[in-house]
Amino acid sequence: MSDVILRVECLHKVFPISKERQVKAVRDISFEVQRGEIFGFLGPNGAGKSTTISMVTTQLEPTSGKIFIDEQSILEDPALARRKIGVVAQHNNLDRGLTARENLIYHAKYFGIDDKTANKRADEYLDKFGLTERQNDYVRSYSGGMAQRLKIARAIMHNPDILFLDEPTTGLDPSYRSILWEQMLALNKAGTTIFLTTHYMEEPEQLCDRIAIVDKGELKAIGRVEELKALIPSNNIISIKLANLDPKFAEQAKTLPEVKNAAIKNGVLLLYMKHNKPDFNQILEWVNKLDSPLQNISLSASTLDDVFIHLTGKGSVEHNENK
Ligand SMILES: Nc1ncnc2c1ncn2[C@@H]1O[C@H](COP(=O)(O)OP(=O)(O)OP(=O)(O)O)[C@@H](O)[C@H]1O
Ligand SMILES: [Mg+2]
C-alpha cells in the first residue's frame, strides 16, 4: 500500500457565471496527503477550499487535472473512491425528511454495512454526539449545531480511510467541539486520514501534521506548522494598539525599511519585521507621527494566523473574491 492516500495533480476548476464572466475557483493545484496524516487545508473565504473538497470527493468534476485515492484515479472509478472517503460538507446535506437515526442507517446500508453493525455504530455515535434522545425526530426539526453533529456521525458510519471535514466545528458549541476532536483523534489513531478545513487557526496549529494554505484558487504554501512559520522572515511581529486605527496605517507601515509586511487584525496593527532584532526606536518614531495616541506596543513570535496573514494578506475570517 502506498504511503500517499490522496494525490492531486494540476487540479483546475472554472465556473462560468454568465456569458462574459467566469470564476477560476481552483488554479492548477498539486499536492499529496500521506496516509495517517491530519492535513489542514486553509484559506480565506472564496479561496477554493470547498470546490477542491467537492472535486476530490467525486461530487464535482474538475475542469482539468487528476485525482488519485490509493493511486486509483477517482475520475475513472468514482464508485471505488466513494467507499474509501467520508465527507462532512460545509452545507447541510442531510435528508430532512428522515429521522436522525434513519439518516445514519440508510447511509450505512448504501455502503453495504450489515444491520447489526449499522445499528451498533448508530447507537455509539448518537450517544457520542448527544443525539440519542432526539434520534427519532425528523432532521428538519434539528437546530444548526445538532444537524452539524449528525453530519459528522453520518460521515464516519462506514469507517472511511480518509475523512474530509469542511469547517466541521462551525456552529458547534465548545463542548461538542472538543468531543469532535476527541473522536477525530481516536479515528486518526486507528488509521483514518483526516483532511480538514477551518477558519479557527488554533485547531490546525495544534492538530495538523501538515498544512496547505490556498488563496484565490492557488496553493501558496504547504508544510509542517514550523516550516510555515519559517516563511515569515524574522519570526518576529510587532503588535501596535492605537486609539484610532486607520486602515491606511498598514499601507504606510509597509513602506518602512524594516517592515516586510503589515496587516490589521482584531483592531491591532501587526508589523512583520524583516530582522530578528527590530529597531523599536524607528517604529516608535513612526508611530508618534501618526495622528493617533499609542495604547500598547509589543513584540511576539509568529502564530499560524500570522503565517496566514503573511501569505494571503488577510485575516483568517475576512472576505476574499477571486474573479
Ligand atoms: N457552483 C458555483 N458556481 C459559480 N461559482 C462558484 C460555485 N461554487 C463556488 N464558486 C466560486 O468559487 C470560488 C471558490 O469558492 P469555494 O466555495 O471553493 O471557497 P471556500 O474556500 O470554500 O470559501 P469559504 O471559506 O467561504 O467556504 C468563489 O469565488 C465562489 O464564488
Ligand atoms: Mg468553503
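Quick notes on this structure:
- Leading residue by the ranking (most open to solvent (accessible area, probe 1.4 Å)) among those in region 261-308 that are under 31 Å from the mean Cα position of the chain (by Cα) and of a type in the set (G, A, S): A301
- The set of residues from region 161-174 being over 12 Å from T57 (Cα atoms), in contact with a Gly (Cβ under 7 Å, 6 or more places away or on another chain) and more than 14 Å from ligand 2 (Cβ to nearest atom) comprises L172, D173.
- Residue in region 148-161 that is more than 15 Å from H107 (Cα to Cα), outside any strand (DSSP E or B) and aliphatic (A, V, I, L, M) present: no
- Exclusive hit being within 13 Å of the chain's Cα centre (by Cα) and modelled with pLDDT of 95 or more, set I29, I53, I69: I53
- Screening region 2-33 for residues that are touching a Leu at 6+ places or on another chain (Cβ under 9 Å) and not aliphatic (A, V, I, L, M) and picking the one that is nearest to ligand 2 (Cβ to nearest atom) gives K13.
- Failed condition for G48, given (1) in contact with a helix residue (DSSP H, G or I) (Cβ under 6 Å, 6 or more places away or on another chain); (2) within 13 Å of ligand 2 (Cβ to nearest atom); (3) among the small types (G, A, S): (1)
- A Cβ distance below 6 Å, combined with a sequence gap of six or more or placement on separate chains, defines the contacts here; from region 50-64, residues that are farther than 15 Å from F164 by Cα reach residues that are among the basic types (K, R) and within 12 Å of ligand 1 (Cβ to nearest atom) in the pairs P62/K13; T63/K13.
- Candidate set from region 68-107 (those that are in contact with a Pro (Cβ under 7 Å, 6 or more places away or on another chain) and more than 16 Å from ligand 2 (Cβ to nearest atom)); member that is farthest from A147 (Cα to Cα): K84
- The set of residues in region 287-297 being touching a residue at least 12 places away in the same chain (Cβ under 8 Å) and out of contact with any strand residue (DSSP E or B) (no Cβ under 9 Å at 6 or more places or on another chain) consists of D291 alone.
Let's see how each residue does on (1) more than 18 Å from E124 (Cβ to Cβ); (2) crowded, with 21+ Cβ neighbours inside 10 Å; (3) not assigned by TED's automatic domain parsing to the domain that holds V87:
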| site | (1), (2), (3) |
| --- | --- |
| I152 | no, yes, no |
| D161 | yes, no, no |
| D173 | yes, no, no |
| Q183 | no, no, no |
| E218 | yes, no, no |
| I240 | yes, yes, yes |
| P247 | yes, no, yes |
| A250 | yes, no, yes |
| L256 | yes, no, yes |
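- Members of region 194-203 that are surrounded by 19 or more Cβ atoms within 10 Å (Cβ to Cβ) and part of a helix (DSSP H, G or I): E203
The values are calculated or read from the model by the stated rules, or taken from the named source; none is laboratory data. Just so we're clear, the structure is a prediction, and the values are computed from it rather than from any experiment. Note: ideal-geometry Cβ built from the backbone for every residue, glycine included; neighbour counts use all protein chains shown. Side chains included, ligands, DNA and RNA excluded: accessible areas come from the protein's heavy atoms. Shrake-Rupley method; radii C 1.70, N 1.55, O 1.52, S 1.80 Å.
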